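A.B. asks: Sharing a structure, written as structure tokens. Questions coming.
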Amino acid sequence: MTTLERQAAAAVNPLLAAIADTGRDARRGGYTRPVYSSSELELREWFVAEASNRGLAVERDANGIIWAWWDLPTPAGAVTAGDPRAGALVTGSHLDSVPGGGPFDGPLGLASALAAFDVLAARESAGSLHRTRAFAIAVFPEEEGSAFGVACLGSRLLTGAITPARALALRDENGTSFAEASRRHGLDPDLMGRDETALSRIGQFVELHVEQGRGLNTEEFTDAAGRGPAVAVASSILGHGRWRLTFTGQGNHAGTTLMADRSDPMIAAASTVVAIRQIGAAQPGARATVGRLEPVPGGTNVIASRVDVWIDVRHQDDAVTAELVERIHGEAVHLAGVEGCAVTLSQGSLSATVTFDAELTRGLAASAQRTVAGAPALATGAGHDAGVLAAEVPTGMLFVRNPSGISHSPEEYVEDDDATAGTLALADALGDLL
Ligand code: GLV
Ligand code: MN
Ligand code: MN
Ligand code: MN
């Protein structure tokens, strides 16, 4: 790797710095950029401008995915048979965030892709890269599912992992349907759904992402100074899903209703939250989380009439995940009954455990070794569009060290040198595959 290449890769840091103030959440801390919010749209404009300035051909498809194409040059007078973008090498990530999220979850994948493109373009100009296929950077909408409740909505629509009818009926917290929101942002809901042309253009997909747990900070990988390697290669994603329990009871006055006379769904919900923690903790390898709970109508002096509880359950064995949810539901029915309340369960998104493509993963590891000695293979508990795409095309991921070991929180962190190393590893990996 040359000094110039290192400088080009280091541009990932000013790229991230340019968007560091977009979508900051003064109340929660960190960033809140749900899909179609003004801050997410601003980041999309930033991406489109950066890609266009690099001469990439930017377009948005029927599912709202942005593609920035680096096409193969067509020699003058050449007649091309078929789609010149078929089987392209694609990298990408997302720009939406969870409420109060960190700066890197999503944007790091896109800033590093832009900077990696610069490295590759310089190599092509210097004659050291000879591409055999097109390349694209993709921006996927609603990866977090923070607005409409289903994670990876863009890649699920693209692959048909969700039906357009189900996706379009999803509603955000203001009651706006995904169909209405899409229409408002210039998309035609009738055209959404599995897209064979777009899929045929993804020969392989590689996503670079901030590592989201303590994976690289464990003793297995850290040196004497407690420092882990800057980059890892993803091996698998834990199967995961989202459900919602809706407890209903008798809304009433906090002052006039005797304690003995209450059917308070908040009590049923609260005891279920504790039970969920216990059920998750009792199952080796499981994660069970309640991060969102909403009483209706939500007044200090009001006994709620309804409480919605959103549940996130993960396990490497998808049958165990299903069993855990069944157990949680059973416990919720019991606890609701004790309080004289009722409860129903509905499903949000569901993603089976994913093992990334073995050959691509071996290749990513070999490429990454050139920048980071001993880039280890790492399983992750976090979901990604790469996990959805893996069902359709050879897919792999690179992770960049997160010294805090914390994510989906303002404390998520990446050091500049590690972002540069990750970008070089991505550029090497993409260059080897092109
Ligand atoms: C998304 O980041 C998830 O893992 O839920
Ligand atoms: Mn992410
Ligand atoms: Mn995330
Ligand atoms: Mn994610």
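A.B. asks: May I ask you to verify whether GLY337 is exposed (fewer than 14 other Cβ atoms within 10 Å of the Cβ) and at positive phi?
C.D. replies: Answer is no for this residue.
A.B. asks: Identify all residues within region 385-400 that are open to solvent by less than 10 Å² (accessible area, probe 1.4 Å) and not in a helix (DSSP H, G or I); write none if there are none.
C.D. replies: Across region 385-400, the qualifying residues are THR395, GLY396, MET397, LEU398, PHE399, VAL400.
A.B. asks: Which of the helices (runs of 4 or more DSSP H) contained wholly in region 124-198 include at least 3 residues that are charged (D, E, K, R) and away from ligand 4 (no atom under 16 Å from the Cβ)?
C.D. replies: Here the list reads 178-184.
A.B. asks: Does region 100-116 hold any residues that are open to solvent by 10 Å² or more (accessible area, probe 1.4 Å) and away from ligand 3 (no atom under 11 Å from the Cβ), and which are they?
C.D. replies: Passing the criteria: only PRO103.
A.B. asks: Being within 29 Å of HIS315 (Cα to Cα) and open to solvent by 50 Å² or more (accessible area, probe 1.4 Å) narrows it down to one of ARG183, ARG166, so name that one.
C.D. replies: Exactly one of ARG183, ARG166 is within 29 Å of HIS315 (Cα to Cα) and open to solvent by 50 Å² or more (accessible area, probe 1.4 Å), namely ARG166.
Quick grid of which residues meet (1) within 22 Å of ILE162 (Cβ to Cβ); (2) modelled with pLDDT under 95; (3) surrounded by 18 or more Cβ atoms within 10 Å (Cβ to Cβ):
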| residue | (1), (2), (3) |
| --- | --- |
| GLY193 | yes, no, yes |
| ALA198 | yes, no, yes |
| PHE205 | yes, no, yes |
| GLU211 | no, no, yes |
| LEU216 | no, yes, yes |
| GLU220 | no, yes, no |
| GLY228 | no, yes, yes |
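A.B. asks: To continue, here is another question. Counting only residues that are part of a strand (DSSP E or B) and open to solvent by less than 30 Å² (accessible area, probe 1.4 Å), which one in region 241-262 is nearest to GLU144 (Cα to Cα)?
C.D. replies: Once the filter is applied, the top-ranked residue is GLY241.
A.B. asks: Quick check on this structure: which one of ARG287, ARG314 is within 16 Å of ligand 4 (Cβ to nearest atom), basic (Lys, Arg), open to solvent by less than 50 Å² (accessible area, probe 1.4 Å) and under 30 Å from GLY422 (Cβ atoms)?
C.D. replies: Selected residue: ARG314, the only one of ARG287, ARG314 that is within 16 Å of ligand 4 (Cβ to nearest atom), basic (Lys, Arg), open to solvent by less than 50 Å² (accessible area, probe 1.4 Å) and under 30 Å from GLY422 (Cβ atoms).
A.B. asks: Ok, one more. Restricting to region 327-381, count the residues that are of a type in the set (Gly, Ala, Ser), outside any helix (DSSP H, G or I) and within 30 Å of TRP310 (Cβ to Cβ).
C.D. replies: 9
A.B. asks: Also, quick follow-up: Cβ-Cβ under 8 Å, sequence separation 6+ or interchain: first residue in region 373-393 and of a type in the set (Lys, Arg), partner open to solvent by 20 Å² or more (accessible area, probe 1.4 Å) and part of a loop (DSSP other than H, G, I, E, B). Which pairs?
C.D. replies: none
The values are calculated or read from the model by the stated rules, or taken from the named source; none is laboratory data. This one's a predicted model, so the numbers in the text were calculated from it and none came from an experiment. Heads up, the Cβs are rebuilt from the backbone with ideal geometry, glycines too, and the neighbour counts pull from every protein chain shown. These area figures cover heavy atoms from the full protein model, side chains too; ligands, DNA and RNA do not enter into them. Shrake-Rupley method; radii C 1.70, N 1.55, O 1.52, S 1.80 Å.
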